[in-house]
Structure formats: C-alpha cells, structure tokens
Amino acid sequence: MTQYVAVLGATGSIGDSTLALLAAHPERFSVYALSGYGRLDKLFSLCQRFVPKRVAVPDDQVDTFSQRLSQANLDIAVVGGQSGLVDIATDSQVDTVVAAIVGAAGLASTLAAAQAGKRILLANKESLVMAGSLMMQAVRQNGAVLLPLDSEHNAIFQCLPASIQQDNQQIHDEHHGVRHLWLTASGGPFLHTEYADMQQATLAQAVKHPNWSMGQKISIDSATMMNKGLELIEACHLFNLPEHRINVVIHPQSIIHSLVEYVDGSFLAQLGSPDMRTPIAHALSYPERIHSGVKSLSLYDLAGLEFLEPDLEKFLCLKLAREAMQSGSVATIALNASNEVAVQAFIEAQVKLTDIALINARVLEKIAGHPEVVESLEDIMAIDDVARRYASSEVRLCQQ
C-alpha cells in the first residue's frame, strides 16, 4: 500500500535526504505535500520534480508562488503560514508527516499531526524541547506514531526492545533492564580548540562540521554543543526517562550513533556511516527495512574509536540544558527561545560564538521566577515570547 508523505521543511538537509529516499522507492511512497520558507526557488524545483497535491509557503508568498506554479502548468494547491502547515499536517490524505522545520516554527504543525493521529517522523527536536509533555500526551491519546529521525535518538530507539519502541512507558518495567541511555556527540569543530580561541571563532569556522552536512543553525548548535543539550531534553520525553539516566559522551568519529546500557552490564550500540539517510530510511519503513543508498560501513577500516567526557565549562550550553530539564518546562522553553535569538545574533555578527551560552544562562536566570503553568500551545508561545525579549535585550548588552 502506498504511503502518502508530507515533508514539512522540504528544502533543508533532512528534506533532501528524505526526498531522495522517497524517489528511490516509488512503489512504497508518494510525495503528497511539501513546505518551504526561505528557499522558494528550490521549493519550486521540488514541485516540478515531485508534483505534490499541496505546498505550503510563507503567507506573503502564496499568490506569487501560485502564479508561478500556474505558469508552469502545475496544478498544486498553495497554502500559507502556520495555518497552512497545520492544515497539511492534519490532511486526511496524509499518512506520514516528516517534521523537519527548524526551530519553534515547526511546533504547531508537529503537535497538530500528533493530535490528528498521524505517523510522525520527527527531526524538529524543538517540538519536544518546548512541548514535550503536550506532544507525548497527544501521541498517546490519539494513536499517533512518533519515530525519531535524529541519528542519536533513532540509534537508541533501534537498541531498545520492541515493547518499549511501541510504548515508552514500558521502559520502567524492570524485566527490560534498561539502566542508562548514552547520547554520542561529535564534539563539533571546536572539540580541540581552547576556549580563548573559540571566542574569536568566525561563522565559517562554526558551521564547518567535521562529520555531518547540516543546516546553518544546527551546525552552530553543534559547535556550542547546544544541539546535544536539546537532544538530551528530547530524549527525556521520547524515552520517558529523567535526565540523570541519560548520559552524553563525545565520540569524534560519529560511527557509534548512541547506546543503551542494561543492568546486566551489556551495552547495545547502533553503528553506521554518518549519513542521515540511514535513520530516515529506518523510520520511513519501520518496522521493516529498506535500502537507503548509504555506503556500507567497513569494519576493517575502523580503528581508534574515541570516547571523551564533555568539558562543561567550555561547552556551557550542554550544562544549561541539563539544568533546564531539571527545572521544568518553562526553563526548557526559555532555553530554546533564547538560543534561537542568540544564534541568529551570531550569524549576523552581533555577538561572539561564546556569547551564545552566556546569553542563554542570563535568560534562564531571568525566567526562573516565571509560574510553571504550561497546559497549552498558547502558554508555551507566551513563555517563548518573554524569553526572546529577554534574549534580545542580552544581545544588545553584548554589543555595548
């Protein structure tokens, strides 16, 4: 049976890998809908290639994009903005929603997909960082299926028993014997760089990841290790565990993507080449397996795999993420919002790379007295707004 797929965030790196896999397996998958935000020329090319039924663009681009499609004799319905994304995510014709929009912008549509009982392939980690409890509740109550695309979470998922894969509350059943989860981190481009030198890092240096080809924002988060901090928070919700049972280890080679530690002393790990097509192929076809097109890992060529403890003074963002998870939802929402503002300020050369962690720390201090009331999407976005204003103020202070 053909699976109809909506790729939200189709013009990014996850979109590229997902669409390559969908195209390689036309007997199994059909592209029903796409969305894009900044790279509309690329989105138009994708529409020409895949001819989806629907496409979502920014509100102010709906008419222009519709005309462009019409001139190319493409009969594709165009919707705009957040409401358009939500409409696609809940479309009765859609079986699978690939949630690959970067940042808070992907939250509403991902939550809507869960409430509509969809099969969700989750690359938008901010959905769980900001709304973990709401998301997981919506998944359970509406019979949705949530499959992680991040290589680390997908690796952990693969190393867990099938009963836990299907119901994360089973992880607390002593019969399964799960002791800890281990998230691996590459350490990013500044793993062996002194903190003083990191203060002078350029944008070009920060986005030059040693192992992965990723978008600008996630590459910068990898450079500060905020990405691993966000993944830690995400893992707590995905796998229903408190943060103290999830460890982070730096593994510069990015061959072991994560591990599960069991009470009998066993460690189960998922290995593979650093290529996002592997976890995407796994999630698309789960519980079956399909060819991903990824070059097979040569065990004979592996040597000198390293495992290092993170330096939490140098990579303060990772420490802040753990502390935010300990504090609760208000702190995790604020941390994500602050980080998005601080990263954008670094991209625009308004602050230094090392200022990102300092801005995040100050915002968490300011938000600490905020009431812990997070019961709806509106509550989340209100906290997000306050944190962004705090972060913008801290950015201005850094410039003085």
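Every number here is computed from the coordinates shown, using simple stated rules; none is lab data. Everything numeric in this text was worked out from a predicted model, so none of it was measured. Cβ coordinates were reconstructed from backbone atoms using ideal geometry, including for glycine residues, and neighbour counts include every protein chain displayed.
What's the percent breakdown of Cα-Cα distances in the range 3-148 across 10 Å bins, shortest bin first?
Taking all Cα pairs of the range 3-148, the binned fractions are 13, 46, 33, 8, 0 percent.
Dividing the Cα radius of gyration by the Kirkwood radius, what Rg/Rh value follows for the range 328-399? Show your work: numbers first, answer last.
Working: Rg = 11.8 Å, Rh = 12.0 Å.
Dividing the radius of gyration by the Kirkwood radius yields 0.99.
Quick check on the chain: helices-only [θ] at 222 nm, where DSSP H runs of length 4 and up contribute -39,500 (n - 2.57) each and the sum goes over total residues. Nearest 500, please.
-14500 deg cm²/dmol
If I model a spin label as a point 7 Å beyond the Cα along the Cα-Cβ vector, how far apart are those points for Thr202 and Lys352 in nm?
1.7
Students often get this wrong: which residues of the range 162-188 have the backbone nitrogen under 20 Å from the point 7 angstrom along Cα-to-C-beta of Asp264?
Residues 162-165, 170-182 fall inside that zone.
How do the peptides 238-245, 54-61, 29-36 rank, highest first, by the average count of neighbouring beta carbon atoms within 10 Å per residue?
Output ranking for 238-245, 54-61, 29-36: 29-36, 54-61, 238-245.
Mind running the shape call on the range 142-213? Use the C-alpha gyration tensor, a ≥ b ≥ c as the square roots of the eigenvalues: rounded below 1.5 for a/c, prolate if a/b tops b/c, oblate otherwise.
prolate
Arranged by the count of other C-beta atoms within 10 angstrom, fewest first, what order do Ile383, Ile290, Ile367, Ile101 take?
In increasing order of surrounding Cβ atoms, one gets Ile290, Ile367, Ile383, Ile101.
Could you work out the equivalent-ellipsoid semi-axes for the range 237-286, taking the square root of 5 times each eigenvalue of the Cα gyration tensor, largest first, in whole Å?
Square roots of five times the eigenvalues give 21, 15, 12 Å.
Subtract the Cα-Cα distance of Asn142 and Ala382 from 0.36 nm times their separation in residues, and report this length gain in nm to one decimal.
83.9 nm
How would you classify the range 105-176 from its alpha-carbon gyration tensor, with a ≥ b ≥ c the square roots of the eigenvalues: rounded for a/c under 1.5, else prolate if a/b is greater than b/c, otherwise oblate?
Values: a/c = 2.04, a/b = 1.49, b/c = 1.37.
It comes out prolate by the Cα gyration axes.
By what distance, in whole Å, do the Cα atoms of the chain stretch along each of the three principal axes, largest value first?
Ordered largest first, the chain gives principal extents of 57, 54, 43 Å.
Starting with the fewest neighbours, write out Leu22, Leu397, Leu284 ranked by other beta-carbon atoms found within 10 Å of each beta-carbon.
Leu397, Leu22, Leu284
How many nm is it between the label spots at Ser30 and Leu308, if each spot is 7 Å from the Cα in line with the beta carbon?
5.0
Work out Dmax and Rg for the range 307-359 from the C-alpha atoms and quote the Rg first, both in angstrom.
12.0, 35
At what distance in angstrom do the alpha carbon centres of the range 286-312 and the range 314-384 lie from each other?
Using only Cα atoms, the two centres lie 31 Å from each other.
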